[in-house]
Each structure stands twice: as C-alpha cells, then as structure tokens.
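Undergrad: The following block contains the structure, expressed as structure tokens.
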Amino acid sequence: MTTTAMKSPAGTNKALQSIWAWIRKIPPVYVLFLVVYIALAYLNPNLFATSNGIMTFLRRSSPLAVLAIGEMFVLALGGFDLSIGSLVTLVVLASSLLLNNDPAKAYPTIGIMLGLGLLIGLTNGLVVSYLKVPSFIVTLGMMLLVRGGALYWVGGAPRGYLTDNWRAFGRNYIEHVPVLGRVPYALIILLVITAITYFLFHRTNYGRQILAIGDNVRASRLSGSRIELVRVVTFVICSLCAIIGGVMIGGYGGVNVTIGQGLEMQTIAACVVGGVMLLGGKGSVPNAIFGAFTMQALVELLNLLGLPKPYKDAVQGIIIIAAVAYSAYSTRRKR
Amino acid sequence: MTTTTVSDNRFSRGLRGFRIPPVFVFLIIVFLVGGVLDQLFSDGQIFTNPAIMLNIIVRSVALGIVAVGQTLVILGASIDLSVAYTISITAVMSSYIMQGDPTKVPLALLGVFGIGAAIGLVNGLVITKLHVNSFIATLGTSLIIAGIINATFSNYTGSVPREFEYFGYGTIGPVPVSIIVLAVMFIGGWLLLSRTKFGSHLYGVGGNAEVSRLSGLRTDRVLIGAHVLCSLTAVLAGVFLVSQMRSGAPWVGPNGVYDLNSIAVTVIGGTALSGGKGGVWGTLAGVLIFGVLDTVFNQLGVNPYLKIVLQGAIVVLAVASYTFRSKEEPA
Amino acid sequence: MAESTTNADPQASAQQQPLLEVRNITKRFPGVLALDDVSLPFMPGEVHAVVGENGAGKSTLMKIMSGAYIPDSGEIYLDGEKVSFAHPVEAQSKGISIIYQEFNLLPERTVAHNIFLGREPARLGVVDTARMNQQAREVLKEIGVEKMISPTAVVNSLSVAEQQLVEIAKAISFNAKVLIMDEPTAALTYTEVKLLADLVKRLKARGMAVIFISHRLIEVFDIAEKITVLKDGKFVKTVNKADVKPADVVFLMVGRALDHYFPPLGQKEDLGDVVLRVQGGSNELLKDVSFELRKGEVLGVAGLQGSGRTELAQALFGVMPFKTGTVELRGKAIALKNPNAAIKNKLGFVTEDRKSEGIIPRQPIRDNMLLTVRSIGNMVGVIYNDGIHKSRQLVPTLGKQVDIRTDSYDREAQDLSGGNQQKVVLAKWLASDADLFIFDEPTRGIDVESKASIHDMIRDLTKRGVAVLMISSELPEIVGMSDRILVMCDKRVAGELPAQSSEQQIMLMATGHTNGESSKTAVAAG
C-alpha cells in the first residue's frame, strides 16, 4: 500500500510537503469541527448526513454563531461583553409582553428590541470609554441591570406567548428549495449578518482599527485611531447581534425566564475555540462562526452518545480547556 | 527633602500597610444615603437598631470569605470563575458525607477541603503549565464541576448535624461566630499579603511575571498557591452556607452568583484586574457595600427585580467613582 | 565582599586568571545561528564592552552567561571552575548579576521589596520588613545613593535614572562578582550617564568584572577599557580602548567604514517659510513655550530627562494639548485637541517608546504601515491589502523607501528587529503624507547601521520640504543633525543655539547655567 509513495519521485514529495504546509495553516477550529461532524454523520447518517439533517443542524447552531460574531468584535477589541445572555432573556420576555398575542405586532416589536439593543450597546461603550471602567465590570453590571429590568418589566414571570410569525425566524424553513430541500430562516439571517460583519471586520478601516486597538491601545491612539468611536460602535454591534440572536433563540426555545442564562460564557467559549484571542488583537468572523458550530456539534455528539445533560457540561468544559491549551501550545512552538 | 522619607518610623510604616482605600468613602456614602432613605420611607432601623448593622455583616459572610480568595488570584493577574460551583460541591458533599451524624463532621471537612485543594491545584496547573487563559481555564473547570454534581446529586442531599449549625448561627457573647470567621479571614488575608514572602511574591507575579521569574521566583508555584487558597476560601464559604441551610443543594453557588459577585467586589475595592495592585481591605469595603445595599433594599421593600437593576448600576458606579479620572486606557 | 578583595590580589600579580570565561559557546535558534563558537575571557577589575549590530549575538551571549539561556555547546568558567546554569537564579547565587535593557522593577512595590524580591529576609515565611529595609539601605549606601533613594519609596515615584540605580543596587545585593548590563544608558540623559560611569568605576575598584552592551559608542569609549566586537554570532576582535578610535570599532562592527555618522546639515536654499509658530504655550507640564519651525529644517530639542522635551511633543501632537498660548500652523491659528486632528493637519509623531507607543505588535507589517491612513480615513472605507484608493501599491513603495528587511509584509511586526520596527513606524507617517515630523529619540536602542540610515532618512525628508522637530538625549545626535537647537530646562525653553554648537554649550544651557541669546527666550529662562 505504501509502494506508490515509495516510488514517487522527489517532486511529488515536495508537492506533498507544500500541501501539508498549506493544511497546517488552516485554523484548528475547522479541523476540530470536521472531526466532530464526521463523527456525528457516522453515528447517525439519517440525522446529520442528509441535506435535511444538515439544515436542521445549521438552524440550531445559527443563533450561537450570531452571538459569537458580536462577542468576537468586542473580544478582538480587548474587552468583554458579559451582558449578551441577559439581552437574550430581555428579547424573549419583553417580546412576549409587547406582542400580546397579536401577530401584527411582530415586526414593530423586533424593531423596538433592536432599538433597546442599540441603547444598551451605546451605554456599554460610552461608560467604558468615558468613565474608564473595565468592560468586564461594565457589562457585568449591565447583565444584572438588563436581567433585573426585563424581569421587573414582565413582573417576574413570562406573559403571553410568542406569535408564530415572530417565532418563524428561529423555527421555520423555506420549503422546496432546489438541491438543498429546505433552508432555515435562521441560516439566511446568519448569512446576511455574516456578509455585513465580514465586510465590516475584514474589509473596512473600522475593522482593522478594532484589531489595532485590541493589540496596542496607546499606539493606536497616537496613530490617530478614534478609539472612543470604534469602541462604542463595537459594543453596539455586539448588542445588536445579541438581540438578533435572542429573536432566533426565542423562536425555537419559547418563553422562559432562564433562556439566556450562561449564554455569555458559552459564546465566549465558542469564540475562543474559534481562535479569538482574549484581551484583543486577533479575531475573525468565519472562525468565530465555526467556533460556535463546533460547540453545537459537540453538544449534539454528546446527546447522540446518550450522555445526560450534566455530563455534557463537563465534557464541554474539558473541550474548551483542551482547545485553548492546544492553540497556546502551537503558538509557543511557532516562536 | 529626602531625609524625611529615609527616616521612616514604625508608625508610618504600619500606616502604609494599612492604607485606607478610597472605596471606603463610597461605602460610607452608600450607608448614609441608605440610612436616610430608610428614615424617610421605612422604620429607620438602619441607624437605630444595631442588630441590623450586625445583620448586614452576617449577610456578607459567604461572599466575604470567597472574595478574600478571589482577591488573591486577581492580585496574581488571574481570575477564578469556578468558585460558585466549588461552593456548591462543598455544600452537597459535606452534607452528603455527614448525613446528620456529628461524628462524621471531621471526615466531611477533610473531604471537602481536599476536594477544594484539588480544584485549585487543577486550575493553577492548567493555567501555568498548559498556558490556558485563566478566564477560560476556570470557566472550564466550573463546567466540569457543575456537570459532576448535577449528574450525581439532586436537590437537597443529606443533612448536617445540629452541632454543625453553630458555624452558621452560633454566637460567642454577642458576636456571631460567622463574623469572627470573616474577620479572621480578612486579617489573615491582609497579613498574608503584607507580611509574608508568599504575599510579596504574589504581588510580584501579578505585577510582572517576567521580572519575577528573572528574580528567581517560582512564578508557577506562587500562582498555583493562590488558586489553591482561593478554592479553599470557596470551600469555607460553602461550609458556612451549608451550616445555615442544614442541607446541601447543587444550586447554592450559582444562585448566589458567587463567581461574578466576588470578582465585582474585588474590583470595586480597587484591586486591578490586570494584577499586582490592590489588597483585601478594599475588597472588604466592596463586600460591605453589597451587604448594605441588600439590607437597604429589604428595609425599603424594593421589588426584588428592581434590586438586581440597582445592584448592577451601583457596581458600575462604584468602580467608575475612581476610574473616571484615570489616564490609563480602559480595556 | 571578602571574596572580591582576595580576587583583586592575584590580579595585581602578573599571572592573571579570568574571573569569568566563556569557551566555544554555540547557540542555535530555529533558523538562526545566534552564537558560533565564541570564546571570551573577562578579567576582574575590568570594564569590558561588547558591541555589535542588532543580531550580532550580544544579548544572547549575555543571557547565556547569566543563565537565562542554556548554550548548545561550549563551557563557562567562573574563577577557573567550570559552571553551568539552569536558571538565572543559579548564576546570581554564584555572583553573576545581570541588568536587562527593559526595566525590571515592580512599579507598585517599594525599593526594598524590589531589591529583595524572592530573597526577603524571613522567618517561617514571615518577612522581617525592618531588616529588609535596613539591608536595602546598606546596599544603597554601598553604591552611594542612600541619600537619593529611600528603601521604602514606591518605585513608580522615582525617576528613570533613580530606577536604574535601584536595579544596580539589586544586582549588587547578590554579592555580585560579575555585573552584566544590557544597554544600561539607553534611557539615561547625559548627566545620568556620568553618574553611572562613576559608579562603574567604583565597582571596578572593588575587583568586579563589569560587562556591558551599548549602542552608544561614545559611552563605550568613556566607560570601558576593553571592547569586544561580535558580528553575525561570531567573535571578531577584542581591542584595548587606548589603541583604537570609534571609527575603527564601527569598521569592525559593520565590516566597512561608515564614511559619515551624520548626513550634511541643511543648506540655506533648503529652508522655507515658517510652518509652525508656538507662542506662550503652557499646560500643567510646560511653561510659556515659544519657538518657530521652518520648512526644510531640523530643529533639535535637547534637555535633561524631565525638562519637558517629550511633553512638548505631546502638546504639539494633541496628546496633552496646550491650555494657553497660540499655535500657528502654516500661518493659521489652530488648536489640535487630539492626535487624530494633528494627523489630519499633516503632523507625524515618531514616539520614543517603540514597543508601547509605536507598533501594534501582533498585526502584519502592512497594517502597521497603513494604520495612520486608515485612522484618518472613512470608518467604512474599503481597505486594500497594500494601500488606499489613491495608491493601491503604497506598502511596497513605502517598504522600499524606508528599506525594511523582511521576506513578507504579512509578517507580524513583533518578529522584526528594533531597527526594522522603527522603519515600519517611520513608514506609517510617510503614508499619512505628514510634512511636519516630530521625532522623539529616533535612534534609541538601534544598531549603528540602522541609525545612519534613519539619520539619512530624516535629512531626506527635509530636502523634500518637511519640517522636523527632533528630540534626543544623545548630544552627538543633536549636534550632528540639527540646523538649530532648542534647549529645554525645567518645563521651559532655556534658549536656542545655532547649528554645530558644542555639546558643552548645550549642557550648560540645559542645566540652567546660561541664558539663551534671544531676548524672547531669555525671560523664560530667567
């Protein structure tokens, strides 16, 4: 079986080497995702290897991916946003109240939620910039503020239901699409947000300034970066992503006061698995998305293996540590 | 001009170790404003009833104990997000082992402190040897502990013997045992930081790890030590909570948000998240601010959800009160 | 200290044994042979300078001798005995101390805590603070600075020079027989260097071997007796100071003669109109500063550390703007409130501290070079890999212009040498079309060859009509480059000197001994 390789001339060997060099440049998150997903497809081809199954998987993982994109912006800038989980709770609770079971109010409600997200992001950014409070603390305070505010607003318990047209974003599919079969709305939303944020992060002056500021604030300021402006915009983008993610999560999760709890940590973990550097300077939209996909795939793999929920938490903990330890190891080896 | 600084006397040196952090001013303001509001809108007990004052401190004991540990790791430029579930595992394990039997108390304590030391050791080793960012490392261990206890224990497991409740409810003279424990923890933390080699080295590692390494410190050991101590304080907090609850439940840690709250009070107290700067007295002020707020809100009968909102706002304002004039770039 | 005196005795006799000797040291890093079979003896009571360009292997050699690196092959002998160090602490305990280029103190801790970090006098883990302070005072006394520095002072309240002295005290406190200093004078001003030189003499008299690395050849010749040249990891030659001239050493270092240290000064016809006029500029850190800057000239700014040199640059650039007074830029009164506004008005600021204020270390070279253009550009402006809409090939053009040596502009800036990083910073300002440059210590810690090329570049800028304000604590640089010299003292402009004034004149003015000639500034200096 190795005869071909042994007979092959030096030229082929060189080509193989350069391919290998190219493969090694692929961020580890893609390899990890492929491994986990192939395992899924192998264990249950019906659920994961069909186009229907893939679409369902994408529907389930898109909300976390949207949250991860927003969080990635803030992490790359060198900050943290711990308030996103509370924002998801806010969206679900406040929407159920505002909708009042009237489908006609679905779009205005989402509009109001986006407005609130804008306000919250603005506050986060302004407080960090002008009161100089570390973002970890600002967004921790905002997490309490928004969660308490949402619960106070609805009176502590969910009111009413989310209308079907509101829930469609997280739950429904466009049916009878050629080749693909059906496409979830959530995936389309993710793709639109990816396009916008990819452009912003990777193709504009703004995006490069996020990385520059995350890497060295002082040097960036002396080079003319409008740090306050960049920071405020970045926190707003993160909050808006959290609101949109909240609509998608509420779509299939329904009304539940604890729906957003712990999401901020999950999202940060997804970003870190996607190679984002905590405290700033490195980040990428596609890698963050695949970080989220990987986390979701892991959860599904653990489900498939029949592990009860608590063990899934534990295994996730191990995976997060291992992923970061591996990337720390590979950077050290490079130096 | 330099002669005065050279001739330091014992008194001024003692004061230097005991520098009063500005956050105490904030604490006094919160207390006075709360008290006045209480006078105006409620029965005014905050100013008149010493039992309420005592109660403020008693309510702060669990958070205070774990905040001492959190201060240590943050001074070392690290962070510990696993304290909440460490508290939980302590609560359930100790009441599970005791099962109401007083003779099993030593075994249970040995067990939970052993578990705590192991958690701290794992945190420290993962951070120093595998070079995993402390935020992620302790988030990971937190998930692992959560998984294990949620899978193993349901609500309220076992119980603690009556004698054990002494820790939570007993008094020595008029002073609750818990307050004495809290005081011992803070004084111990202060002595550890200001008077021992370990404390000096911890400031070094947090201030500049490379400098410390070149000065011959075994920086990894110092940081691992801080993590072990932090986990042990979480265990002590868990033991205190279970002695009050009489039976351990897995939700006790996360419900009290001890992870984020302990970080919040530490930062409110002026300890920098970047490490190497701060101390336990500021943290004490932070803890008491939380305690005062809690009591004031209860006195005024503030809606519990509104309470959360106000708490969030005050955390940010407290930190802002001394950062807003800073010339350093925030992160 | 008994050891050092006994060591001094055999030195007096004809038979000399090196205090420290390295033999056949080789050290390889991935892709580089950092040291190639280097052997060197260091005698007791001798000051030995090791010079060479960046990448010559000086720092690697120092780190091997001090135990921070382990050599691939070769031996180290201390007092004739073969030794090997696994950790800097082992070297320290055997009497070899090193002071690194970057400051290695904890700013939030006291002097005593810093000196005895890791060695606090303690019983059962409890530090005996009184004894520690007492011991620290003794060490400070040993180097004669006990009146300047208190053991209980917090380090961040000390000046840069005082901090350096604390570092030396820390090194001495190990009962050092060998003291290694990596660029000890880089952050010091002229008078502070003198202080250091005196101190080195005293250490030498005690029979210590002092080894130091420096890029400032003048100081090497002031302080050292022997000079060893390394090049590309190889030993070139050891010479006695008395036998050579600086130019000879430069020849050994770069392998060719650098025919000039500095490019010729500006000519009359290069000078243009006044670009910048500051009158009575004051803020918390500056008092009543007035001066003019013309197109095509280099205005050198000299002064001691803390005289307000850097603060002047920061005020002009909007980092800490003037509170009162007027600034006229190209004939128009203007108030620059932040760096962004300054850059839009075509100012450029090459900062002193490359690492913390110049580069964004983990980003590619190209993003570093385009940082300013992007900062003042439209936020949602589309980026191009190598430039902006005007010129999509900006990066390679700039790269050639400043002569950056790299195989790819995708490389992270932190992977470059100091000299190349400085060129990247320079390129960033060329990209923004600045026509008024402020240089703060443009060649600090940079090797001789890069230094010359940066000096050439500064002069080329003025030939193209750019106005340059150049702050430097290296007097030869001030004298060699400036068409006029502004001397600062105590937050004020002490006076102005013409081109090619002597270093002594500058020093006298900077230390407040003479007033400036111009009546305008004489008042300020008084």
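Read the figures in this text as sums done on the coordinates, not as results from a lab. On a predicted model such as this, the values are computed, not experimentally measured, just so you know. Quick reminder, even Gly has a Cβ in these numbers, built from the backbone with ideal geometry, and neighbours come from all protein chains shown.
Undergrad: With a Förster radius of 60 Å, plug the Cβ-Cβ distance of residue C:221 and residue A:228 into 1/(1 + (r/R0)^6) and report the FRET value to the nearest 0.05.
TA: 0.75
Undergrad: Moving on to the next point. When only C-alpha pairs under 8 Å and at least 6 residues apart count, what is the relative contact order of chain C, in percent? Don't jump to the answer; show the numbers that get you there.
TA: Values: 1070 pairs, mean separation 77.1, N = 526.
Once divided by the residue count of chain C, the mean separation gives 15 percent.
Undergrad: Which of the lysines could a cross-linker span from residue C:234 if the Cα-Cα distance has to be under 23 Å and same-chain partners fewer than 8 positions apart are dropped?
TA: Once the sequence-local lysines are set aside, what remains near residue C:234 is C:27, C:58, C:63, C:82, C:226, C:245, C:451.
Undergrad: To test your reading of the geometry: what angle, between 0 and 90 degrees and rounded to tens, separates the Cα axis of helix A:106-131 from the longest principal axis of chain A?
TA: 80
Undergrad: Counting Lys +1, Arg +1, Asp -1, Glu -1, what net charge surrounds residue A:57 among other residues with beta carbon under 14 Å of its beta carbon?
TA: Taking every other residue near residue A:57 into account, the sum is +2.
Undergrad: Quickly estimate the mean residue ellipticity at 222 nm for chain C, helices only: each DSSP H run with n ≥ 4 gives -39500 (n - 2.57), and the total goes over all residues, rounded to 500. Please report the intermediate quantities before stating the final value.
TA: Working: 19 runs with 175 residues, N = 526.
Value at 222 nm, helices only: -9500 deg cm²/dmol.
Undergrad: Once Lys and Arg get +1 and Asp and Glu get -1 on their Cβ, which of C:19, C:318, C:45 lies farthest toward the positive end of the dipole of chain C?
TA: The one lying farthest along the dipole's positive direction is C:318.
Undergrad: May I ask for the percentage of alpha-carbon pairs in chain C that lie more than 29 Å from each other?
TA: Values: 78286 of 138075 pairs.
Cα-Cα pairs in chain C separated by more than 29 Å: 57 percent.
Undergrad: Dipole of the protein assembly as shown (Lys/Arg Cβ +1, Asp/Glu Cβ -1, origin at the Cα centre): which of A:131, A:63, B:228 lies farthest to the positive side?
TA: So the residue furthest toward the plus end is A:63.
Undergrad: For the protein assembly as shown, list log₁₀ I(q)/I(0) at each q in 0.09, 0.10 Å⁻¹, using the Debye formula over Cα point scatterers of equal strength and ignoring solvent, two decimals each.
TA: So the normalised log intensities are -1.27, -1.48.
Undergrad: Then there's this: Please average, across the residues of B:300-307, the number of beta carbons from any other chain that are within 10 Å of each residue's own beta carbon, and give a whole number.
TA: Numbers: counts 0, 0, 0, 5, 4, 10, 4, 3.
Taking the mean over all residues of the peptide, I get 3.
Undergrad: Counting Lys and Arg as +1 and Asp and Glu as -1, each charge on the Cβ, what is the dipole of the range A:29-334 about the Cα centre in debye, to the nearest 20? Before the final figure, lay out each step's value.
TA: On the way: 21 positive and 10 negative charges, 120 e Å.
Roughly 580 debye for the range A:29-334.
Undergrad: Taking 8 Å as the Cα distance limit and 6 or more residues as the minimum spacing, I'd like the relative contact order of the range B:182-250 as a percentage. All intermediate terms of the calculation are to be shown ahead of the outcome.
TA: Details: 26 pairs, mean separation 11.9, N = 69.
The normalised contact order for the range B:182-250 reaches 17 percent.
Undergrad: Additional query: Please give, to one decimal in nm, the separation of the simple spin-label points placed at residue A:202 and residue A:31, each 7 Å out from Cα toward the Cβ.
TA: Calculated label separation equals 2.0 nm.
Undergrad: Given Cβ point charges of +1 (Lys, Arg) and -1 (Asp, Glu) and nothing else, what value in debye, to the nearest 20, does the dipole of the protein assembly as shown about its Cα centre take?
TA: Numbers: 106 positive and 89 negative charges, 330 e Å.
Its charge dipole is roughly 1580 debye.
Undergrad: So who's got an amide H within less than 5 Å of the one on residue A:182, skipping anything under 5 residues away but keeping other chains? H placed 1.01 Å off N, in plane.
TA: Correct list: A:177.
Undergrad: Return C:29, C:235 ranked ascending by Cβ neighbour count within 10 Å, so the fewest neighbours appear first. Let's see the in-between values first.
TA: Values: C:29 12, C:235 20.
With the sparsest Cβ surroundings first, the list reads C:29, C:235.
Undergrad: In vacuo Debye scattering of the range B:58-205, one point per C-alpha: log10 I(q)/I(0) at q = 0.18 Å⁻¹?
TA: Reported log10 I(q)/I(0), two decimals: -1.22.
Undergrad: Suppose only helical runs count, i.e. DSSP H with n ≥ 4. What mean residue ellipticity at 222 nm does that imply for chain B under -39500 (n - 2.57) per run, divided by all residues and rounded to the nearest 500 deg cm²/dmol? Could the numbers behind the result be given before it?
TA: Values: 17 runs with 244 residues, N = 331.
Computed mean residue ellipticity for chain B: -24000 deg cm²/dmol.
Undergrad: In peptide A:225-232, what is the residue-averaged number of other protein chain Cβ atoms found within 10 Å of each Cβ? Before the final figure, lay out the partial values.
TA: Numbers: counts 9, 6, 5, 1, 2, 2, 1, 0.
Taking the mean over all residues of the peptide, I get 3.
Undergrad: Work out the mean other chain Cβ neighbour count within 10 Å for the residues of C:424-435 and drop it here as an integer. Don't skip to the end; give the middle numbers.
TA: Numbers: counts 0, 2, 0, 0, 3, 1, 0, 0, 2, 0, 0, 0.
That average works out to 1.
Undergrad: I've got another one for you. Enumerate the amide H contacts of residue C:470 below 5 Å, restricted to partners 5 or more residues apart or on another chain; note that Pro and chain-start residues carry no placed amide H.
TA: The answer is C:299, C:300, C:301, C:439.
Undergrad: Here is a follow-up. Under the rule a/c < 1.5 gives rounded, and otherwise a/b versus b/c splits prolate from oblate, where does chain B land using the Cα gyration tensor?
TA: Details: a/c = 1.59, a/b = 1.08, b/c = 1.47.
Oblate.
Undergrad: Let me ask something additional. Of A:122, A:257, A:240, which is farthest on the positive side of the dipole of the range A:29-334, counting Cα position, with +1 on Lys and Arg Cβ, -1 on Asp and Glu Cβ, and the Cα centre as origin?
TA: A:122
Undergrad: On to the next question. Of the peptides C:265-272, C:141-148, how do they stack up when ordered by the mean number of other Cβ atoms within 10 Å, highest first?
TA: On the way: C:265-272: 13.4, C:141-148: 15.4.
Result, highest mean Cβ count within 10 Å first: C:141-148, C:265-272.
Undergrad: In whole Å and largest first, what semi-axes does the C-alpha gyration tensor of the range A:138-252 yield when each eigenvalue is scaled by 5 and square-rooted? Let's see the in-between values first.
TA: On the way: eigenvalues 227, 123, 11 Å².
Semi-axes (√(5λ), whole Å): 34, 25, 7.
Undergrad: Right, another one. Determine the relative contact order of chain B: mean sequence separation of Cα pairs under 8 Å and six or more apart, normalised by residue count, in whole percent. Mind showing how you got there, number by number?
TA: Numbers: 532 pairs, mean separation 111.7, N = 331.
Worked out over chain B, it gives 34 percent.
Undergrad: Of the listed peptides C:338-346, C:433-441, what is their order by residue-averaged count of other C-beta atoms within 10 Å, with the highest listed first? Mind showing how you got there, number by number?
TA: Values: C:338-346: 19.7, C:433-441: 21.9.
My ranking of the peptides, most packed first, is C:433-441, C:338-346.
Undergrad: Please check which bits of the range C:276-311 a label hung off residue C:159 would reach, taking the label as a point 7 Å along Cα-to-C-beta and the cut-off as backbone N under 12 Å.
TA: In the range C:276-311, the label zone of residue C:159 (backbone N under 12 Å from the point 7 Å along Cα→Cβ) covers C:304-308.
Undergrad: Using only the Cα atoms, what convex hull volume per residue in Å³ does the range A:29-334 have?
TA: Working: hull volume 42.5 nm³, N = 306.
Cα-based convex hull of the range A:29-334, divided per residue, equals 139 Å³.
Undergrad: Describe numerically, in nm with one decimal, the distance between label points set 7 Å from Cα along Cα→Cβ at residue A:328 and at residue B:51.
TA: A separation of 5.1 nm, rounded to one decimal place.
Undergrad: Here is a follow-up. Given the peptides B:276-284, C:305-313, B:44-52, B:79-87, arrange them by the average over their residues of other C-beta atoms within 10 Å, most packed first.
TA: Ranking, from highest mean packing down: B:79-87, B:276-284, C:305-313, B:44-52.
Undergrad: Relative to the present Cα-Cα distance, how much length would full extension add between residue C:141 and residue C:385 at 0.36 nm per residue of separation? All intermediate terms of the calculation are to be shown ahead of the outcome.
TA: Numbers: separation 244, 0.36 × 244 = 87.84 nm, distance 5.79 nm.
Using 0.36 nm per residue and subtracting the Cα-Cα distance, I get 82.0 nm.
Undergrad: Using the beta-carbon distance between residue C:411 and residue A:43 and R0 = 51 Å, what value does 1/(1 + (r/R0)^6) give for FRET efficiency, to the nearest 0.05? Spell out each step's value before the answer.
TA: Working: r = 43 Å, r/R0 = 0.84.
That gives a FRET efficiency of 0.75.
Undergrad: Charges only on Cβ, +1 for Lys and Arg, -1 for Asp and Glu: so what's the dipole of chain B about the Cα centre, in debye to the nearest 20?
TA: On the way: 18 positive and 13 negative charges, 164 e Å.
That gives chain B a dipole magnitude of about 780 debye.
Undergrad: How would you rank A:135, B:88, going from fewest to most other Cβ atoms within 10 Å of each one's own Cβ? If you can, show how the numbers build up before the last one.
TA: Working: A:135 26, B:88 30.
So the ranking, lowest neighbour count to highest, is A:135, B:88.
Undergrad: Angle check, please: helix A:263-273 long axis (alpha carbons) against the longest principal axis of chain A (alpha carbons), in degrees 0 to 90, nearest 10.
TA: 20
Undergrad: Next question, about the same structure. Output ³J(HN,Hα) for the range A:237-243: one whole-Hz value per residue in order, computed from phi by the Karplus curve 6.51 cos²θ - 1.76 cosθ + 1.60 with θ = phi - 60°, and x for Gly and Pro.
TA: Running phi through 6.51 cos²θ - 1.76 cosθ + 1.60 with θ = phi - 60° gives 4, 4, 5, 5, 4, 5, 5 Hz.
Undergrad: Straight-line reach from residue A:105: which lysines fall under 18 Å, measuring Cα to Cα and dropping same-chain residues less than 8 apart?
TA: none
Undergrad: Ordered by residue, what ³J(HN,Hα) values in Hz, to whole numbers, does the range B:200-207 give under the Karplus form 6.51 cos²θ - 1.76 cosθ + 1.60, where θ = phi - 60° and Gly and Pro are x?
TA: 4, 5, 5, 4, x, 5, x, x
Undergrad: Using a simple spin-label model with points 7 Å from Cα along the Cα→Cβ vector, what separation in nm is obtained for residue C:403 and residue B:117?
TA: Result: 6.4 nm between the two label points.
Undergrad: So what's the angle, to the nearest 10 degrees on a 0 to 90 scale, between helix C:448-463 and the longest Cα principal axis of chain C?
TA: 10
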